[in-house]
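Visitor: I have a structure I would like to understand better, so I am pasting it below and will then ask my questions one at a time.
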Amino acid sequence: MKLGNIAVQPIVEMVHPYCLPEDAMPQATPEAMAPHRHWLEPWSLCPETGQFILAIQSWLVRTEHHTILIDTCIGCDKNSEYPDWHKRTDRIWLERLAGAGVQPEQVDYIFCTHLHLDHVGWNTQLRDGRFVPTFPNARYIFTKSDVEHAEAEDPPSFRQSVLPILEANQAQLVIGEFALDDTVWLESTPGHTPGHVGVGMASGDARAVMRGDLIHFPVQCAHPDWAVAFDTDPAQASITRQSFLHDNCESGRLVLTAHFPATSMGYVERAGDAFQFRFRTE
């Protein structure tokens, strides 16, 4: 897809039924979900299992000057508590990146919206028994507060997918708002993690934002107060989500999503007292 002079496309690693709504969000009981099933099924809610369908994907952004990846999915050989994600050997993500015409050494920047395991996995790959940067010429942009938070918690994803980047001196830690140039910048959207960010883009009159895990599931547009169980600060995440939806409602700004199934991009619209997501299909 063209956004002015910027080319944008998803690089999908997997799409699969993920979890029951009430396991992801305590408020998403079967009774609360019932009014939404007719528009969520079958693309966002699996009719057979009742589970949310989750896409795991990156966004490839090519400007006139830079080749950028926003988030890097799950990766291979990584430890995870989720069986479908644990020590994967499927390298389809790298193959799809190559199919888009990009080799790892051609990537200039990796923007991580946050440092959860499904957003940093291909930061590194296993080589000769150790994890090394997948993108040898890239600068990896992390927020300082997220690095400090992940370092304190010390999950396997930090040790396997973030620490090797720090040790290779390929990381750039940023605080607050950060702009690569006038076409790509970071926007602070805290709550899911302390340093969670969205990635804003503009070219001419065309504008877009990749908003990471600020909104996991489309039903959260109708219920911005529904926080997911893995939000670090659920109250702050709900406030940030409400503000984001309000600010982007009917603005013409294209919203790129981390986990919505295809087409994974669209626009925020008003729906009564809340919002809805209108998918862009062209």
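The values are calculated or read from the model by the stated rules, or taken from the named source; none is laboratory data. Treat the numbers as computed from the prediction; the structure is a model and nothing was measured. A quick note on method: Cβ atoms are made from the backbone with ideal geometry, for glycine too, and the neighbour counts reach across all protein chains shown.
Visitor: Only one of His192, His216 is touching an Asp or Glu at 6+ places or on another chain (Cβ under 6 Å), closer than 16 Å to His114 by Cβ and either modelled with pLDDT under 95 or assigned to a loop (DSSP other than H, G, I, E, B) (or both). Can you tell me which?
Guide: Every option except His192 fails the conditions.
Visitor: Condition test on Pro156, is it at pLDDT 95 or above and crowded, with 17+ Cβ neighbours inside 10 Å?
Guide: Numbers: at pLDDT 95 or above: yes; crowded, with 17+ Cβ neighbours inside 10 Å: no.
No; evaluated as a whole, the condition is false for this residue.
Visitor: Which of the following residues is under 28 Å from Lys78 (Cβ atoms), small (Gly, Ala, Ser) and without any contact (Cβ under 8 Å) to a residue 40 or more places away in the chain: Ala229, Ala171?
Guide: On inspection, the qualifying residue turns out to be Ala171.
Okay, residues lined up against (1) of a type in the set (S, T, N, Q); (2) within 15 Å of Trp122 (Cβ to Cβ):
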position: Gly4; (1), (2): no, no
position: Pro21; (1), (2): no, no
position: Ala34; (1), (2): no, no
position: Leu40; (1), (2): no, no
position: Ser44; (1), (2): yes, no
position: Ser58; (1), (2): yes, yes
position: Ile74; (1), (2): no, yes
position: Leu94; (1), (2): no, yes
position: Glu105; (1), (2): no, yes
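Visitor: A further question follows. Could you identify the single residue in Phe158, Phe142 that is under 29 Å from Val184 (Cα atoms), in contact with a Cys (Cβ under 9 Å, 6 or more places away or on another chain) and of a type in the set (Phe, Trp, Tyr)?
Guide: Phe142
Visitor: Which one is surrounded by the most Cβ atoms within 10 Å (Cβ to Cβ), of the residues in the stretch 237-257 that are among the polar types (S, T, N, Q) and within 21 Å of Asp225 (Cβ to Cβ)?
Guide: Once the filter is applied, the top-ranked residue is Thr257.
Visitor: Regarding His259, is this residue modelled with pLDDT of 95 or more, under 24 Å from Pro17 (Cα atoms) and either touching a Leu at 6+ places or on another chain (Cβ under 8 Å) or not in a loop (DSSP other than H, G, I, E, B) (or both)? Can you show your working first?
Guide: Numbers: modelled with pLDDT of 95 or more: yes; under 24 Å from Pro17 (Cα atoms): yes; either touching a Leu at 6+ places or on another chain (Cβ under 8 Å) or not in a loop (DSSP other than H, G, I, E, B) (or both): yes.
Taking the combined requirement at face value, the residue satisfies it.
Visitor: One residue is enough: does the stretch 119-138 have a residue meeting the conditions of a type in the set (D, E, K, R) and within 18 Å of the chain's Cα centre (by Cα)?
Guide: No: the stretch 119-138 contains no residue that is of a type in the set (D, E, K, R) and within 18 Å of the chain's Cα centre (by Cα).
Visitor: Can you work out which of the residues in the stretch 258-274 that are free of Cβ contacts under 8 Å to residues at least 40 places away in the same chain and within 17 Å of the chain's Cα centre (by Cα) is surrounded by the fewest Cβ atoms within 10 Å (Cβ to Cβ)?
Guide: So the first thing to find is which residues in the stretch 258-274 are free of Cβ contacts under 8 Å to residues at least 40 places away in the same chain, and the list is 263, 266-267, 269-270, 272-273.
Checking the rest, the ones that are also within 17 Å of the chain's Cα centre (by Cα) come to 263, 266-267.
Numbers: Thr263: 15, Gly266: 19, Tyr267: 17.
Step by step, filter the stretch 258-274, then rank; the result is Thr263.
Visitor: Which numbered condition in (1) crowded, with 18+ Cβ neighbours inside 10 Å; (2) within 29 Å of Thr63 (Cβ to Cβ) is the only one that Ala202 fails?
Guide: Among (1) crowded, with 18+ Cβ neighbours inside 10 Å; (2) within 29 Å of Thr63 (Cβ to Cβ), the lone unmet condition for Ala202 is (1).
Visitor: Turning to a different aspect of this structure: With respect to Arg88, is the statement that it is at pLDDT 95 or above, of a type outside the set (Ser, Thr, Tyr) and out of contact with any Gly (no Cβ under 9 Å at 6 or more places or on another chain) true? So that I can check it myself, show each step before the final result.
Guide: On the way: at pLDDT 95 or above: yes; of a type outside the set (Ser, Thr, Tyr): yes; out of contact with any Gly (no Cβ under 9 Å at 6 or more places or on another chain): no.
Spelling it out, it is not the case that Arg88 is at pLDDT 95 or above, of a type outside the set (Ser, Thr, Tyr) and out of contact with any Gly (no Cβ under 9 Å at 6 or more places or on another chain).
Visitor: Separate question: Sort out for me the helices (runs of 4 or more DSSP H) sitting completely within the stretch 8-104 that have 2 or more residues that are surrounded by fewer than 13 Cβ atoms within 10 Å (Cβ to Cβ).
Guide: In the stretch 8-104, 30-33, 92-99 are the helices (runs of 4 or more DSSP H) which contain 2 or more residues that are surrounded by fewer than 13 Cβ atoms within 10 Å (Cβ to Cβ).
Visitor: Next up: Among Ala235, Ala229, which is of a type in the set (A, V, I, L, M, F, W, C), closer than 16 Å to Gln27 by Cβ and assigned to a helix (DSSP H, G or I)?
Guide: Ala235
Visitor: Right, here's the next one. From the list Ala152, Ala100, exactly one residue is of a type in the set (A, V, I, L, M, F, W, C) and farther than 19 Å from Val12 by Cα. Which is it? Outline the logic, then answer.
Guide: Numbers: Ala100 fails: farther than 19 Å from Val12 by Cα.
When all the criteria are applied, what remains is Ala152.
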